[in-house]
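Chemist: Attaching a single structure in structure tokens format; questions to follow.
The values are calculated or read from the model by the stated rules, or taken from the named source; none is laboratory data. Predicted, not measured: the structure shown is a model, and the values here were computed from it. Don't worry about glycine lacking a Cβ; one is built from the backbone with ideal geometry, like all the others, and counts go over all protein chains shown. Please note that ligands, DNA and RNA were not included when accessible areas were found on the heavy atoms of the full protein model with its side chains. Shrake-Rupley method; radii C 1.70, N 1.55, O 1.52, S 1.80 Å.
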Amino acid sequence: MTHHSKSLLVAAFTAATSPAVAQDADIDLTGTWRSIACELRPQAGQDGVAPWYLTRMIQFAQGRIDAHFTTFADAACTTPLVELKFGGAVVDQGPSTVAAGARQIDLIIDDYLRVTPRLPGFAEFLASAETGTCGAENWAVGVEQDIFQTGCSVMGVAPNAPTTEFEVLHVSAGHLYFGARPVDGQPLAQPGNRPTALQMPLKRASGGMTQKVGADDLRVPRHVEIVLFEQAEGADPGEVRAFFETVTEKMNQNDTLLYRTVGQGADGTWLCVNYWTTRPDMETLNSQAQNWNDVFAAMAGLAKPESFRLSSYDTGL
């Protein structure tokens, strides 16, 4: 066990909460997942394969998926082009060999498919479709239409036609991995097209449960911190948790703090467990955190500085 200086103890208070997910027989998809960065996909078109820039927000609950994709006109994902929302059923077809704990999942889009143009040029593109073949109303920037029933001829969407994506999904260390897309940009429309590799993950934004962590995770913690501290007199536990959320957002800009768990005991003592890639990574980020004066401005009224106790362990993984 290693003990750190009091200044590092204060920095260690930055460890906030996000759930860890294990690789068991049943995959825990429940919750909201978001892109960690602007993403690039190959997209097949009339002129061959073209780049597709996007961000994703996906919710899983009770055997269904609700997704919100935003496509951008630029590689930095700063100029929204069109928003796509779709929902349907999730069917687990059993284990996948892509990664330990990965599952073969069929995503059946049979509920809705909503489109919102964000640039005039894309609204004009949708409006170029023959009347009644792409939405029921006139297209305008910022106006959403459900095209599931009508289809959209210019987007290659058939009317009232449920589609199935034959996917591979894997949850590890608070991240959700979908299968890698074919390099030719073709959809995963056949069981034989089911991916054999994983793509950039989504990060869990909410939901899910904390479970055990094993060495088969894609991102294994090799160092663990445990922080105990007492709440300041008169402090609101809700404000303490809100402070943790603020620090979480800051810490999530770095990939070395993999995930964290926080809780308050019956005696009011707070426990924070931080899972790191390595001990040097932990020490580097904790050192940087000591300069985050704006982030820690509220801490003095929430915790007793002299109450911090920290222990640190190598996992051997």
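Chemist: Find the lysine pairs in the chain meeting two conditions, Cα atoms under 21 Å apart and a separation of 8 or more places or different chains, and report how many there are. The partial results should precede the final answer.
Modeler: Working: 6/304; 85/203; 203/212; 203/250.
Count of close lysine pairs: 4.
Chemist: While we're looking at this one, here's another question. Let me have the relative contact order for the chain, percent, based on Cα pairs under 8 Å that are six or more residues apart. Each step should come with its number before you reach the end.
Modeler: Working: 734 pairs, mean separation 71.7, N = 317.
RCO, the chain: 23 percent.
Chemist: Could I ask something else about it? Connecting C-alpha atoms closer than 10 Å in a GNM of the chain, tell me which of 232, 300, 123 has the biggest fluctuation.
Modeler: Per the Cα network of the chain with a 10 Å cutoff, 300 tops the list.
Chemist: Could you tell me the center-to-center distance, by alpha carbons, between region 229-284 and region 92-158 in angstrom?
Modeler: 40
Chemist: Which whole number in µm²/s is D for region 53-155 by Stokes-Einstein, with the Kirkwood Rh taken over Cα pairs at 20 °C and 1.002 mPa s? Before the final figure, lay out the partial values.
Modeler: Values: Rh = 15.2 Å.
Translational diffusion coefficient: 141 µm²/s.
Chemist: What spacing in nm lies between the two simple spin-label points modelled at residue 239 and residue 264, each 7 Å away from Cα in the Cβ direction?
Modeler: 1.2
Chemist: State, as an integer percentage, the relative contact order of region 25-175 based on alpha-carbon contacts under 8 Å between residues 6 or more apart.
Modeler: Details: 340 pairs, mean separation 26.9, N = 151.
It comes to 18 percent, rounded to a whole number.
Chemist: Between (1) 43, 22, 17; (2) 51, 36, 17; (3) 53, 24, 19, which matches semi-axes √(5λ) of the Cα gyration tensor in Å calculated for the structure shown?
Modeler: Correct label is (1).
Chemist: Order of 105-118, 76-89, 284-297 by packing, highest average Cβ count within 10 Å first? Spell out each step's value before the answer.
Modeler: Details: 105-118: 18.9, 76-89: 16.6, 284-297: 14.4.
Highest to lowest by the protection proxy: 105-118, 76-89, 284-297.
Chemist: Taking all protein chains together and a probe of 1.4 Å, list 241, 279 from the most accessible to the least accessible. Can you show the working numbers first?
Modeler: Numbers: 241 105, 279 75 Å².
Heavy-atom accessible area, descending, gives 241, 279.
Chemist: If packing is taken as the average count of other Cβ atoms within 10 Å, what order do 265-278, 124-137 fall into, highest mean first?
Modeler: Listed from highest to lowest mean packing, they are 265-278, 124-137.
Chemist: In terms of modelled amide H atoms, which long-range or inter-chain residues lie less than 5 Å from the amide H of residue 134?
Modeler: When sequence neighbours closer than 5 places are left aside, the close amide H contacts are 153.
Chemist: Hey, another quick one. To the nearest 0.05, what FRET efficiency results for residue 190 and residue 49 with a Förster distance of 22 Å applied to their C-beta separation? Walk me through the numbers before you get to the answer.
Modeler: Numbers: r = 19 Å, r/R0 = 0.84.
In this case the efficiency is close to 0.75.
Chemist: Turning to a different aspect of this structure: Across region 113-130, in residue order, what do the Karplus-derived ³J(HN,Hα) couplings come to in whole Hz, using 6.51 cos²θ - 1.76 cosθ + 1.60 with θ = phi - 60° and x for Gly and Pro?
Modeler: 8, 9, 10, 10, x, 10, 10, x, x, 6, 4, 5, 4, 5, 5, 6, 5, 4
Chemist: Working out 0.36 nm times the residue gap between residue 249 and residue 127, then minus their Cα-Cα distance, what length gain in nm do you get to one decimal?
Modeler: Working: separation 122, 0.36 × 122 = 43.92 nm, distance 4.01 nm.
Gain in length upon complete extension: 39.9 nm.
Chemist: Another one. Nearest 500 deg cm²/dmol is fine: what mean residue ellipticity at 222 nm does the chain get from its DSSP H runs of n ≥ 4 alone, each adding -39,500 (n - 2.57), divided by its residue count? Let's see the in-between values first.
Modeler: Working: 4 runs with 41 residues, N = 317.
Dividing the helical sum by the residues of the chain leaves -4000 deg cm²/dmol.
Chemist: How long is the gain from residue 183 to residue 297 if the chain were fully straight, where each residue apart is worth 0.36 nm and the alpha carbon distance is subtracted?
Modeler: 36.2 nm
Chemist: Determine the per residue accessible area of the chain with all protein chains present and a 1.4 angstrom probe, expressed in square angstrom. Write down the numbers at each step before the final one.
Modeler: Numbers: 15280 Å² over 317 residues.
The answer is 48 Å² per residue.
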